[in-house]
Amino acid sequence: MGMPVRIDDDLYNQARAQAQAERRTIAGQIEFWALVGRTALDNPDLPIDFVRDLLVARAEGPTLATPFAPEGKRD
């Protein structure tokens, strides 16, 4: 369920620009930022870039994943 909230104009404009660049809605961009922030706070030992990339990879699903092949075991 959507819920209207008030946010700073600067934050809204930043979200709009980033949303356009990443092909998300403005609300989707703010939700993504919130998810990254919450996940980063829950895992302070992980770098923020890793958290972001992990969330993006999980959203993409396994169809775009590259199978892991340990070195020395490649065909």
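Nothing in this text is a laboratory measurement; each read-out follows from the coordinates by a stated rule. Since the model is a prediction, treat every value here as computed from it, not as a measurement. Because the Cβ atoms are built from the backbone with ideal geometry, glycine has one as well, and the counts that use them run over all protein chains shown.
Some values worked out for this structure:
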{"quantity": "Ranked Val5, Val56, criterion: other C-beta atoms within 10 Å, fewest first", "calculated": "Val5, Val56"}
{"quantity": "Low-density loop positions, GluC sites (Glu not before Pro), the stretch 10-75 - DSSP coil, at most 16 other Cβ in 10 Å", "calculated": "Glu22, Glu71"}
{"quantity": "Top of Leu35, Leu64, Leu46 by mean-square fluctuation, Gaussian network on the chain, Cα under 10 Å", "calculated": "Leu64"}
{"quantity": "Cα convex hull volume per residue for the chain (Å³)", "calculated": "148"}
